[in-house]
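Read through the structure below, which is laid out as structure tokens, and then see the notes.
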Amino acid sequence: MWDPDALDPRMPVLVGVGTASGEVEAAELMVRAARDAGVDSGAPVLLARVDRVVVPRGTWSYRDPGRLVAATIGAPRAQTVLADVGISQQTLINGLLRAISAGDVSVALLVGGEAKAREARAARAARAEGATTAPGSGAVAVARAVGRAGGPAVVATETDQGDAEPDVHLRPTTELVARPEIDAGLWTPVEQYALIESALRAAEAVSVPEHRREVAELLARFNAVAGTNPEAAFPAPLSADEIATFGPANRPLAFPYGKWHASQWTVDQGAALLLCSVEAARSAGVPTDRWVFPLVGLESDHAVALTRRRHLHRWPAMAVLRAAAEQHLGGAVADLPHQEVYSCFPSAVRVQQRELGLAVDGTPTVTGGMAFAGGPFNSFVLHATVEIARRIRAQGGRGLVTTVSGLLTKPGLAVWGAVPGDGPALVADLTQEVAAATEQVEVVSGFHGEASVVACTVTYDGLEPANLVAVLDTPDGDRVIARSNDRELVVQATQVELIGRRFAVDGNSLGAPG
């Protein structure tokens, strides 16, 4: 049994976790999740003692959402931080762990939320009433509809903060998408993750039909977990066959992915993590059975656009984080009893399984993943950490949470435990180590000649295959991106393996096979 009196007073601990859902604006979801975390800690008084509120940017338009939360929970003088998309959620956790350890912060709140389902419902109601979508005062578009027979208007609004600014605004400085990718129209996440999926399929010499089955079976296992999660947004059971089969209820996005392969961000969900020092936890009277200890917090800000990576099916960055975590823990991350691997698309899970040494036929989720539990934009890691903390409290042991920022780009890895480690937590930025481990190639535009396919996917017009997207290597070792709308070739790409075949390339156009 660990002795709480023997701990460093500045040691950071996670003492409260909270979630929220419901048809309210995103800021209210954040407030509710924060209050839930306060109650969960057993010492709600901690909320009034919060020194710093950190919010990862969502799809909303709040200028300083942390200020709205801080004022409502009774901590109006708390420092507020807004982190733009591209700042890893693990980076935000690590920043708070460091600030608490250094004595700069005693109590901190990391909170996020989305109300896109509410927004979508209001937009549908507006269309049904024949109304238009009009801008709200200083907010994102506000769907309005005048109710029939004098009924109430349908409105999805956001609190107007005027010209408010956060105390700290974190912005990314690294490239997530390469210029040649933009020039070739290759920038949507689903297309890029589908390309990764194809490269992994070819690397493991799996046929196209077998591969589709493997991917669908992984998602079916995630779906089964979501069915046991009372907070899952989409827990309805789906079989592997249903997930693999495209149709009106499972529209294709980018082969082999359809709707139920992808993160579902049209949700109304919020989550909060309440962290503090051991000293602050004692002072507030937080019971020690609420304490969850950070053992590892690793991040990297090194970003390499997908097509610049020599091996599209690999993620050396995550392997670097795994090695550091295992050295610190003295054991394999695969042996951790609770696991939540970031799951925006199946290839994100499948690549991480291999880089982390997890069972490739396993189910590394406690939530059901972003396709079924729900994938609130830029804040799912908070939900994952909430559920991992709950499992650790109930069952003991340690839990793994991984983070993806961008297009399988900036990795994050956290390990939480029911008991403290033998020494301080390993909280580190491994950007330099990741950069050294990532082999790159040059991506060129305007190439003319033959090149060999290294990854490919197909996009759709409704339910019909419409466009082939291919990444190819030139004889000189450079890389090009090309497309084709040749009907026969496009359909062929959904049935047989094209990777390894040579094609004529003319700029961004894919020609006949060589």
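The values are calculated or read from the model by the stated rules, or taken from the named source; none is laboratory data. Note that the coordinates shown come from a computational prediction; the quantities given were computed from them, not determined experimentally. Positions of Cβ are generated from backbone atoms using ideal geometry, with glycine treated the same way; all protein chains shown enter the neighbour counts. Calculation scope for accessible area: heavy atoms of the full protein, side chains included, ligands and nucleic acids excluded. Shrake-Rupley method; radii C 1.70, N 1.55, O 1.52, S 1.80 Å.
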**Asked** Dipole size in debye (nearest 20) for the stretch 350-463 around its Cα centre, Lys and Arg Cβ +1, Asp and Glu Cβ -1?
**Response** 640
**Request:** Could you go through the stretch 407-419 in sequence order and give the Karplus-derived ³J(HN,Hα) for each residue, using 6.51 cos²θ - 1.76 cosθ + 1.60 with θ = phi - 60°, rounded to whole Hz, and x for Gly and Pro?
**Result:** 9, 6, 10, 8, x, x, 9, 10, 10, 10, x, 6, 10
**Complete:** Here FRET efficiency (C-beta to C-beta, residue 476 to residue 323, R₀ 35 Å, nearest 0.05) is 0.60
**Prompt:** To the nearest 10 Å², what's residue 15's accessible area with a 1.4 Å probe?
**Reply:** 0
**Dipole of the stretch 160-291, positive end: most advanced residue of 250, 240, 188 [Cβ charges, Cα centre]** = 240
**Request:** Could you order 390, 308 so the one with the most accessible surface comes first? Probe is 1.4 Å.
**Result:** 390, 308
**Prompt:** Which of these values of P(r) over Cα pairs in 20 Å bins from 0, in percent was calculated from the structure shown: (1) 16, 39, 24, 14, 6, 0; (2) 18, 46, 26, 9, 1; (3) 23, 53, 23, 1?
**Reply:** (3)
**Prompt:** Which percent, nearest 5, of DSSP beta bridges in the chain are antiparallel?
**Reply:** 75
**Request:** With θ set to phi - 60°, apply the Karplus curve 6.51 cos²θ - 1.76 cosθ + 1.60 along the stretch 496-512 and write out the HN-Hα couplings as whole Hz, x wherever there is a Gly or Pro.
**Result:** 9, 7, 9, 5, x, 7, 9, 9, 6, 10, 10, x, 9, 10, 9, x, 6
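Evaluate E = 1/(1 + (r/R0)^6) for residue 464 and residue 127, where r is the Cβ-Cβ distance and R0 equals 22 Å; express this FRET efficiency to the nearest 0.05.
0.30
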**Asked** Which residues' amide hydrogens lie under 5 Å from the amide hydrogen of residue 455, considering only partners 5 or more residues apart or on another chain, with H built in the peptide plane?
**Response** 471
**Request:** Averaging sequence separations of C-alpha pairs under 8 Å and six or more residues apart, then dividing by the length of the chain, give the relative contact order as a whole percent.
**Result:** 19
**Item:** Signed unit charges on C-beta, dipole axis of the stretch 301-378, positive-most listed residue 323, 303, 369
**Value:** 303
**Request:** Note down the accessible area of residue 377, probe 1.4 Å, to the nearest 10 Å².
**Result:** 70
**Prompt:** With charges only on Cβ, +1 for K and R and -1 for D and E, what is the dipole size of the chain about its Cα centre, in debye, rounded to 20?
**Reply:** 800
**Message:** Sorting check: for 381-388, 461-468, which peptide has the highest mean count of neighbouring beta carbons within 10 Å, and how do the rest follow?
**Reply:** 381-388, 461-468
**Request:** Would you kindly derive the ³J(HN,Hα) couplings of the stretch 33-43 from the backbone phi angles with the Karplus curve 6.51 cos²θ - 1.76 cosθ + 1.60 (θ = phi - 60°), listing them in order in whole Hz, with x for Gly and Pro?
**Result:** 5, 5, 5, 4, 5, x, 5, 4, 5, x, 9
**Request:** Answer rounded, prolate or oblate for the stretch 155-198, using the Cα gyration tensor with square roots of eigenvalues a ≥ b ≥ c: rounded when a/c is under 1.5, else prolate when a/b is larger than b/c, else oblate.
**Result:** prolate
**Request:** Find how many whole Å separate the alpha carbon centroid of the stretch 187-213 from the alpha carbon centroid of the stretch 46-71.
**Result:** 39
**Prompt:** For residue 163 and residue 210, FRET efficiency with R0 = 51 Å and r from the beta-carbon atoms, rounded to 0.05?
**Reply:** 0.35
**Prompt:** Can you tell which of 423, 211, 20 lies farthest toward the positive end of the dipole of the chain, using +1 and -1 charges on the Cβ of basic and acidic side chains (Lys, Arg; Asp, Glu)?
**Reply:** 20
